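Contents: one structure, followed by commentary.
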Amino acid sequence: MTQSIAPPHLADPAQPRAGVRRTGLAVLAVAIVVALPLVVSPYWTTVATNAVLAFAIAAPLNLLTGNAGQFSLGNAAFLVVGAYTGAFVTFTFDMELPIAMLVAAAAGALVGFIVGLPSLRLRGAYLLMSTLAAHYILVFAALKFQTSQFGAAGAIFPPLRVAGVDLSGDRSMYFVIAAFAALIGLIITNIMRSGHGRAIEAVKARDVAAAACGISVARTKLWVWSLSSAMIAAAGVLQAYYLGSASVEFYTLNLAITYVAMILVGGLGSLGGSLLGACFVTLVPVVVNHLSEAYGGGGVLAHPHELQTVIYGLIIIAFVLLKPDGLIGFVRSAARRLRNGG
Amino acid sequence: MTGELVIDRLGLRFGGVVALREVSIRHHPDEVLGIIGPNGAGKTSLINAVTGIYPPSSGSVSYRGTPLTGRSPESIVATGIARTFQHNQLCGDLTVRENVLLGCHPRLGYGMGKAALGFGPARRAERRLRGEVEPLLELLNLGQVAAEQAHSLPYGLQKRVEMARALALRPTTLLLDEPAAGTSDEDRAALVRIIKHLRQEGACSVVLIEHDVGLVMEVSDRVAVLDWGECIMVDTPEAVAADARVLAAYLGVDDTPRDLAPSDSI
């Protein structure tokens, strides 16, 4: 009998030891997230907010791409669908954030369902192309909507208030976004640990076998497309409130690629990977800015934005070639070494 | 008769290539039907046409009186037909237990919404299903490797996981596509034991596609012989073994050793 690479208790989430470890890690993560803005400066609170928000968008994308195997560049478009649906609901019906997010999620689910339809026939690069087309179509539609509803500057969001409580401060904004990110993480974890999670993995790995197990491949794919887009659209409302405005110029293909970079760098099909990737990619501009200040902003550092794009590109190539399992792969092998006693 | 799989003048064509021509086979309830035939005879094509992977070009298939032709693979599974694959179709990154649990999918009993909630119905259902697959893992001697990732297992064990996954669907008819190909003598013995067990318990009828003629003769009640996409005879193992057409089609000249028989088909 061959020995598995992963020890049995790691490979099976049903084993109690792994369960205890997971719960412990989750408690630790929550403690760090809650304590963070209380100990670090406002600047780093902003950085942390950016990272947590990025995670809330990257994690649903990772569900779609990493777990279900559906490559998509549609996430920027789903964000703008969410932001503008949220803006419309907020301004037209004077609704508060939770309602706006729910309606945006419903709109995201519908649009995601439609964008996901080609996935029943296309896969890989061809599917990616169809999502690219969807990106341009949706952003164009958003531009028309923006012009008719909000004017050329886009939608300006008021400071966030929920039930009369002002949540627009840096710290409260951080907590709101972190709570939302935790909810996203919890939903994805629960689904992936359920029978539907197994079905999603089976559809990615062996669609013929999945069908032979009575799993509807089409329905599973469309469920994931809808769910993932719903979560991204809801995050889009939060992002727009956080940024204070939503304008079509923000939702570029570059933005979409940024989230793809996060899941590739962090690790496909892993929630921890989404988190690591979100932190990593969020820190790139921070590091570039620091370098720029430290070295007087000469040479390539005079163009920090272009430099970031180049760095993203290089990082993606490096990870795809050298570390396909992403940053989470380092964490996993380190954990394995620790457990095996060095 | 209920439980009967009726393949009626089934034809399957890929462009100019005829994979199946007017194949008619009745598979009775509670029987083990062996299907043999040389490479490219259309054995796997037959299973693929029955299970809805390839839409047949002509003819029909019905199961327990329900027409299967034109239905999707997942709706054919719902009628009680499960299958294994000639080439490994396990999800390698999932554990053996999770692969077998995939076969419980039609009995999940909770939707995506309850799955997202995590606690409550979804957790109870998962506990119930995990209880259900344990006897299967034991029956197929997979208990010790249940927590291993499927891709880490040797080939013969992977074939057994495939069979466990198919049995987890609680089929009334099980289609096995070359379950013994490339496996050890020990795996082969286990296979014989399992097929005989299913036969004795009346758990499900079995259609067995196999190149190992000895194995087919040992466990089958009847044997169908395919050659160039046609079913040339269906009879008892003894009659098939003695038939001149079979010897000519499948075994070639009568002194060809069995282990020189081709071990792979489409």
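Brief remarks on what is shown
- Dipole moment magnitude, nearest 20 debye, region B:1-109 about Cα centre, only Lys, Arg, Asp, Glu C-beta charged: 180 debye
- Chain A - Debye-derived log10 I(q)/I(0), Cα point model, q = 0.06, 0.08, 0.15 Å⁻¹: -0.22, -0.40, -1.40
- Remark: region A:234-342 is approximated by an ellipsoid whose semi-axes, taken from the C-alpha gyration tensor as √(5λ), come to 28, 20, 13 Å, largest first.
- Relative contact order %, region B:90-167, counting alpha carbon pairs below 8 Å whose residues are six or more apart: 52 percent
- Ellipticity at 222 nm from helices only: DSSP H runs of n ≥ 4 in chain A, each -39500 (n - 2.57), divided by the residue count, give -25000 deg cm²/dmol.
- Assigned charges on the beta-carbon of Lys, Arg, Asp, Glu; the protein assembly as shown dipole about Cα centre (debye): 1500 debye
- Förster radius 45 Å - calculated FRET efficiency between B:VAL17 and A:ILE137 (Cβ-Cβ, nearest 0.05): 0.65
- Put a dot 7 Å past the Cα of A:ALA294, heading toward its Cβ, do the same for A:VAL208, and the two dots end up 5.4 nm apart.
- Length released on extending from A:SER333 to A:SER172, taking residue separation times 0.36 nm less the Cα-Cα span: 54.3 nm
- For region A:201-276, average projected area of the Cα convex hull in nm²: 6.3 nm²
- Across region A:16-251, Cα pairs under 8 Å and at least six residues apart give a relative contact order of 39 percent.
- Taking every Cα-Cα distance in region B:90-167 and sorting them into 10 Å bins from zero, the calculated P(r) comes out as 20, 49, 26, 6 percent.
- Spherically averaged projected area in nm², based on the convex hull that wraps the Cα atoms of chain B: 14.8 nm²
- Across region A:237-252, computed HN-Hα scalar couplings (Karplus, 6.51 cos²θ - 1.76 cosθ + 1.60, θ = phi - 60°) run 5, 4, 4, 5, 4, 5, 7, x, 7, 9, 9, 4, 4, 6, 8, 9 Hz from first to last residue, x flagging Gly and Pro.
- Taking only the C-alpha atoms of the protein assembly as shown, the Rg (one decimal) and the largest Cα-Cα distance, Dmax (whole number), read 28.3, 92 Å.
- Ignoring lysines fewer than eight residues from B:LYS159 along the same chain, the ones with Cα atoms less than 20 angstrom from its Cα are B:LYS43, B:LYS196.
- Share antiparallel - DSSP beta bridges, chain B, percent rounded to 5: 55 percent
- Highest-fluctuation residue, A:LEU97, A:LEU61, A:LEU238 considered, GNM on chain A with Cα pairs under 10 Å: A:LEU97
- Largest GNM mean-square fluctuation across B:GLU186, B:GLU238, B:GLU162, computed for chain B with C-alpha springs under 10 Å, falls on B:GLU186.
Read-outs throughout are calculated quantities, based only on the coordinates presented, and are distinct from any laboratory measurement. Being a predicted model, the structure only gives us computed values, none of them experimental. Counting neighbours? That spans all protein chains shown, and the Cβs are built from the backbone with ideal geometry, glycine included.
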